[in-house]
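So the structure is just underneath, and the comments pick up after that.
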Amino acid sequence: MCGIVGYVGEPKEKQAKKIIIEGLKRLEYRGYDSAGIALYVDGVFETRKHVGGLENLEKIIGDEKFNSHIGLGHTRWATHGAPSDANAHPHSNEDNTVTIVHNGIIENYLELKEVLAEKHGVKFKSETDSEVIAHLIGINYEKEGDFLKAVHRTVDMMRGAYALVAVCSHEPDKIIGVRKDAPMIAGIGKGCNFIASDIPAFLKYVREVLIIENNETVIVTKDDITILGSDRKPVSRETMHISWDVDAAEKGGYEHFMLKEIHEQPEGIRETLTKRIREDGMINLDGISMTKEDIDGFNKVYIVACGTAYHAGLVGKHAIEKMARIPVEVDVASEFRYRDPFVDEKTLFIAISQSGETLDTLAALREAKKKGARVFSVVNVVGSSVARESDDVLYTWAGPEIAVASTKAYTTQLICMYLIALFMGKVRGTIDEKYYNEILSELKAMPEKMKTLLAQEDKIAKVAKKFHRKENVFFIGRGPDCGVAYEGSLKLKEISYINSFAIAAGELKHGTIALMEQDTLVIALDTQDCLFEKMLSNIVETKARGAYVIAVAKEGHRDIEVEADYVIYIPDCRDEVSPILSVVPLQVFAYYVAKERGCNIDKPKNLAKSVTVE
Ligand code: G6P
């Protein structure tokens, strides 16, 4: 979703244009539809913005010198007002003394707009909610004569979520940021400092990062970064050292980030496991404060997430219920928070999120916390909001995931689900030592098994080529395979724009089977030994109506060839952990279908990597 980069450096170096554009490129993966930049030149902040990709912005500023040492950049993902040059950020007030970029939504912007128009005669240049902020800061500056006070006075008038970053030509050597429910970080450079919505924006120049918390203000100059708490008094903040490299966020020879990330899964799984398995082979949850007493006290688990992370929750439910024998509900975050869910002190609430910044997930987490639940999260981005607001965090060590369609975050989320299930099962005494060890060694074998599976890439690519013109595809599965069917279907629709639909195979006959006709493509997950025959019957049902069935099955089930038209085999493994493998051919299939269709695989239309609005 929207990205912010602010930079202030040595006045003589005048590097702002180059550094900000570089930073915006690093944030492209978040998804955006227009981009803009404001640079301080000859006493004013000059703004240029353009709808579409950064290349459009670069075209219009390419020839302009813009020698500047301070500025702001923004990539916008439209909420209020269509993608257009006018609606792109930055926005300025009428006399161009204040310029802002904003991520989030100002809920009372209509009210504020009315006051600005009626009382102050403001003529708006855009349809955005954000523009009101620039005008308000400008008007408040006239009253206060001080940039910081003007920002605070403005923020006090706003309702909603924001990462707001502003500059003012009356005090041109500082950038002020205020954060509420939208990520913001500051970066400490050499002779320069940064503010941004995400670490990759400045990783080329910065290793030490300061996380800005909710309701805090940050004032960034070239020599200094000052953070003010919600009471507007200075607070001290420890720096966080970023050890991963900018190269980890590069394509490394692959045509797309998505393909690279698919191939990084064995390593991501190994990392996630290594961090949590001791030398004696037991799960180590060091740093997790949940005690045996806490675990014994839970009477239900709620897993709440969005998108792909929600699908990891669907599989996690099976694992936790089977191993820890405790009821698990899985919910999409945007639904959970508005239905007064049955959550109390005896509830373990598990939030799953790659970014740790998804607003719906964050809001659901807060709702659960308010009701007294113990909040545990499974997160990929270290130090993100979901991680910081949870009682305990189990990190996935997938590394930066750039492609909008999530792959390696998903499989590492599954690993965490199994670790939680095993750990809880052991503590609750619902699984014995033998079972615990068996599942653990199955998990440890996953990276190698996944590598052999990935070696079938070319074969799967050929199948994708054959079917890439289909306009409807159905995914079916039972038990944990059902969660995988949902994820496979999401992958396909996200990046290829094919209308795909996933359903529990047993539910087909209650309606969806009406859509089966000659050559309808059905992708059937049949990796559960205990449900193999039941699933086979469902395959036969679709075949009887003319469907073409691609099945995903274990090596040991060659008999499936009698019914399915084409079979992709995954290495043999126990039923419980097969979702870690069975999703991989679906990711590869979606990738090659989208490639055949000429789609923008890493940045699909209308989608964003990190969704920080409701
Ligand atoms: C967006 C992304 C999805 C992701 C979902 C949840 O919709 O496009 O890939 O699964 O958000 O994101 P999270 O960061 O919370 O896992």
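HN-Hα J couplings of region 44-55 from phi, Karplus 6.51/-1.76/1.60, θ = phi - 60°, integer Hz, Gly and Pro as x?
Along region 44-55, the couplings run 9, 8, 7, 10, 10, 8, 8, 6, x, x, 4, 4 Hz.
Using alpha-carbon pairs under 8 Å, 6+ residues apart, how would you state the relative contact order of region 467-614 in percent? Can you show the working numbers first?
On the way: 255 pairs, mean separation 40.3, N = 148.
Relative contact order for region 467-614 comes out at 27 percent.
Please list, by residue number, every one of the trypsin sites (Lys or Arg not before Pro) in region 1-92 that is coil in DSSP and has at most 11 other beta-carbon atoms within 10 Å.
Values: sites: 12, 14, 17, 18, 25, 26, 30, 48, 49, 59, 65, 76; in loops: 12, 14, 65.
When the trypsin sites (Lys or Arg not before Pro) of region 1-92 are filtered for loop state and at most 11 Cβ neighbours within 10 Å, 12, 65 remain.
By per-residue mean of other Cβ atoms within 10 Å, what is the highest-first order of 597-604, 319-326? Provide the component values of the computation, followed by the final result.
On the way: 597-604: 18.0, 319-326: 20.2.
Output ranking for 597-604, 319-326: 319-326, 597-604.
Once the dipole of region 559-614 is set up with Lys and Arg at +1 and Asp and Glu at -1 on Cβ about the Cα centre, which of 581, 601, 571 lies farthest towards its positive end?
601
At a probe radius of 1.4 Å, what is the per-residue accessible area of residue 566, in Å² to the nearest 10?
Surface accessible to solvent at residue 566 totals approximately 60 Å².
For region 356-493, what number results from the quotient of the Cα radius of gyration and 2.2 N^0.38 Å?
For region 356-493, the normalised Cα radius of gyration is 1.27.
Would you mind working out the accessible area per residue for region 467-533, using a 1.4 Å probe, and quoting it in Å²? Provide the component values of the computation, followed by the final result.
Values: 2580 Å² over 67 residues.
Value for region 467-533: 39 Å² per residue.
What relative contact order, as a whole-number percentage, does region 255-352 give when Cα pairs under 8 Å and 6 or more residues apart are counted? Working shown, then result.
Working: 87 pairs, mean separation 30.0, N = 98.
Relative contact order, region 255-352: 31 percent.
Ordered by packing density, taken as the mean number of other Cβ atoms within 10 Å over each peptide's residues, highest first, how do 396-405, 490-499, 142-151, 274-283 rank? Could you put the intermediate results ahead of the total?
Details: 396-405: 24.3, 490-499: 22.7, 142-151: 16.7, 274-283: 12.5.
Going by the mean number of other Cβ atoms within 10 Å, highest first, we get 396-405, 490-499, 142-151, 274-283.
Using θ = phi - 60° and the Karplus form 6.51 cos²θ - 1.76 cosθ + 1.60, what ³J(HN,Hα) does each residue of region 580-593 get, whole Hz, x for Gly and Pro?
5, 8, 5, 6, 4, x, 6, 5, 5, 4, 4, 4, 6, 4
Any chance you could tell me what percent of the C-alpha pair distances in region 3-149 go past 26 Å? Don't skip to the answer; put the middle values down first.
Working: 2527 of 10731 pairs.
Looking at region 3-149, the distances longer than 26 Å represent 24 percent of pairs.
As a test of the definition: which semi-axes, in Å, follow for region 317-364 when you take the square root of five times each eigenvalue of its alpha carbon gyration tensor? Largest first, please.
Sorted largest first and rounded, they come to 20, 14, 9 Å.
Based on the mean of other Cβ atoms within 10 Å per residue, sort peptides 522-535, 90-103, 426-439 so the most packed one is first.
Values: 522-535: 21.7, 90-103: 24.5, 426-439: 15.1.
Highest to lowest by the protection proxy: 90-103, 522-535, 426-439.
Give the angle, between 0 and 90 degrees and rounded to the nearest 10, that separates the Cα long axis of helix 457-467 from the longest principal axis of the Cα atoms of the chain.
It is inclined by approximately 90 degrees.
Hey, could you grab the Kirkwood Rh for region 549-614? Inverse mean 1/r over distinct alpha carbon pairs, Å, one decimal.
Answer for region 549-614: a Kirkwood hydrodynamic radius of 14.3 Å.
Work out the length of the dipole vector of region 487-609 about its Cα centre, built from +1 on the beta-carbon of each Lys and Arg and -1 on the beta-carbon of each Asp and Glu, and round it to the nearest 20 debye. Numbers along the way, then the final one.
Numbers: 14 positive and 19 negative charges, 140 e Å.
In total the dipole reaches around 680 debye.
In degrees between 0 and 90, to the nearest 10, how far off the longest principal axis of the chain does helix 480-496 point, with axes built from Cα atoms?
Roughly 50 degrees between the two axes.
Which percent, nearest 5, of DSSP beta bridges in the chain are antiparallel?
Values: 61 of 102 bridges.
Percentage antiparallel, nearest 5: 60.
What are the principal axis extents of the Cα atoms in region 345-404, in Å, biggest first?
Result, largest extent first: 36, 19, 14 Å.
Once the Cα atoms of helix 307-324 and of the chain are each reduced to a long axis, what angle between those two axes, in degrees from 0 to 90 to the nearest 10, is obtained?
The two axes meet at around 50 degrees.
Taking the radius of gyration and the Kirkwood hydrodynamic radius from Cα positions alone, what is the Rg/Rh ratio for region 216-344, to two decimal places?
Details: Rg = 20.9 Å, Rh = 19.7 Å.
Radius of gyration over Kirkwood radius for region 216-344 works out to 1.06.
Computing the accessible area with a 1.4 Å probe over protein heavy atoms, can you report the carbon and sulfur percentage for the chain?
Taking all protein chains in place, the chain shows 49 percent carbon and sulfur surface.
Which of the lysines could a cross-linker bridge to residue 233, judged by Cα under 25 Å and excluding same-chain residues fewer than eight apart?
Qualifying lysines at Cα under 25 Å: 143, 149, 174, 180, 222.
Please give the net charge around residue 418, taking every other residue with its beta carbon less than 10 angstrom from that of residue 418, where Lys and Arg add +1 and Asp and Glu add -1.
Details: positive: none; negative: 442, 576.
After counting each charged neighbour, the total is -2.
Using square roots of five times the C-alpha gyration tensor eigenvalues, list the equivalent-ellipsoid semi-axes of the chain in whole Å, biggest first.
Values: eigenvalues 408, 147, 96 Å².
Rounded to whole Å, the semi-axes are 45, 27, 22.
Just need log10 I(q)/I(0) for region 94-149 at q = 0.29 Å⁻¹, Debye formula, equal scatterers on the alpha-carbon atoms, no solvent, rounded to two decimals.
Each listed q corresponds, in turn, to -1.36.
By the scheme Lys and Arg +1, Asp and Glu -1, what is the net charge of all other residues having a beta-carbon under 12 Å from that of residue 287? Walk me through the numbers before you get to the answer.
Values: positive: 275, 276; negative: 286, 391, 392.
Taking every Cβ under 12 Å from that of residue 287, the sum is -1.
The values are calculated or read from the model by the stated rules, or taken from the named source; none is laboratory data. Just so we're clear, the structure is a prediction, and the values are computed from it rather than from any experiment. Reconstructed Cβ throughout: ideal geometry from the backbone, glycine too, with neighbour counts over all protein chains shown. Remember, those area values only see protein heavy atoms, side chains included, never the ligands or the DNA or RNA. Shrake-Rupley method; radii C 1.70, N 1.55, O 1.52, S 1.80 Å.
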